[in-house]
1. What FRET efficiency do you get for residue 134 and residue 40 if R0 is 25 Å and r is their Cβ-Cβ distance, rounded to the nearest 0.05?
2. Using protein chains only and a probe of 1.4 angstrom, how many square angstrom of residue 271 are accessible, to the nearest 10?
3. Given 0.36 nm per residue, what is the gain on full extension from residue 236 to residue 199 after removing their alpha carbon distance, in nm?
4. Which FRET efficiency value, to the nearest 0.05, do you get for residue 190 and residue 28 by plugging their Cβ-Cβ distance into 1/(1 + (r/R0)^6) with R0 = 51 Å?
5. As a check on your grasp of the helix formula, calculate [θ] at 222 nm for the chain: sum -39500 (n - 2.57) over DSSP H runs of n ≥ 4, divide by the residue count, round to the nearest 500.
6. If R0 is 35 Å, what FRET efficiency do you get for residue 212 and residue 119 from their C-beta distance, rounded to 0.05?
7. Rounded to the nearest 5, what % of the DSSP beta bridges within the chain are antiparallel ones?
8. Averaged per residue, what accessible area in Å² does segment 53-192 show with a 1.4 Å probe, protein chains only?
Amino acid sequence: MVGRTAIAPLLVVVVLAACAATPAERRALARRIATDAGLESRRYTAGAFTLAGWLRRGDRGPLVVVIESDGYAWASRNQPSADPTPRDPMGLRLAVADPAPRLLYLARPCQYADAALDAACPSRLWTSHRFAPEVIDALGSAIDAAKRETGAARVLLGGVSGGGVAAALLAGRREDVDGLITMAAPLDHAAWTAHHGVSPLSGSLDPTVWGDRLRRLPQLHAAGADDSVVPPALVIRFTERVGLPQPMVVSGQGHEDDWTGVWGHLRRTLDAPSR
């Protein structure tokens with residue numbers, strides 16, 4: 001284990017007073033974080049979706065892509081939220097702390113939009129179908145657009161929680177990936193839902209199917225020793241099943257804790273070959 005550096009969408013959500021914000025307030029928070037870091041706002045049209053993103057242009061290295069978590073997916077155990085925009089955008093916090101010259105923070109479909117009024121945003125897209133083919137295709141299309149904007153030839157993909165699952169699915173499908181980083185990610189989501197005794201993600205793609213492709217990539221995975229949402233045993237089981245190196249287990253780290261220090265450590269350790 002390493003030292004600590006710095007609820008689940010299908011479980012009862014514990015709402016802290018500081019995080020109990022309206023969708024408009026959550027959007028404003030993200031804009032402020034990104035603007036203060038000098039990132040440029042982007043909107044990427046991909047299929048039925050318009051994905052929110054923030055971009056740092058640069059003139060060297062791969063495009064580092066940080067994909068947001070599932071966000072505020074569930075209002076309670078049995079009730080999906082009306083808007084999945086994150087209350088605390090951990091993926092964005094990872095991105096703004098990363099010094100990569102070329103960097104894209106990419107939100108999931110229906111985040112940072114008025115999801116309650118958008119016909120393209122039924123709640124299944126942040127519940128059972130959160131990793132559906134059309135979702136992963138949309139994320140891939142946005143990444144392609146950002147590559148064209150920055151002139152990057154290669155990408156490094158990563159994310160925390162559900163963002164890590166999306167990153168793994170993209171890494172298994174693409175030919176331009178230099179590396180993959182996931183943290184607290186339920187990569188075997190069938191095992192994850194079974195562990196918690198909740199409905200399976202029936203409309204979602206399964207990263208374990210891409211095991212042969214994933215094994216060829218430089219990658220690092222991390223789990224929190226105190227994470228009851230995505231317990232380390234589930235991440236370890238995924239890496240063993242697919243034939244990957246065992247994940248780093250971070251002492252004292254919980255699912256809702258700050259993962260920016262862990263991200264920085266993994267980024268430095270991975271040292272993507274085209275960077």
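1. On the way: r = 26 Å, r/R0 = 1.05.
Taking R0 as 25 Å, the efficiency between residue 134 and residue 40 is 0.45.
2. Approximately 90 Å² of residue 271 is accessible to the 1.4 Å probe.
3. Values: separation 37, 0.36 × 37 = 13.32 nm, distance 2.21 nm.
Answer, rounded to one decimal: 11.1 nm.
4. It comes to 0.90.
5. Working: 8 runs with 86 residues, N = 275.
The helix-only estimate for the chain comes to -9500 deg cm²/dmol at 222 nm.
6. So the FRET efficiency works out to roughly 0.40.
7. 35
8. Values: 3930 Å² over 140 residues.
Per residue, segment 53-192 has an accessible area of 28 Å².
The values are calculated or read from the model by the stated rules, or taken from the named source; none is laboratory data. Just so we're clear, the structure is a prediction, and the values are computed from it rather than from any experiment. Backbone-built Cβ (ideal geometry, glycine too); neighbour counts: all protein chains shown. Please note that ligands, DNA and RNA were not included when accessible areas were found on the heavy atoms of the full protein model with its side chains. Shrake-Rupley method; radii C 1.70, N 1.55, O 1.52, S 1.80 Å.
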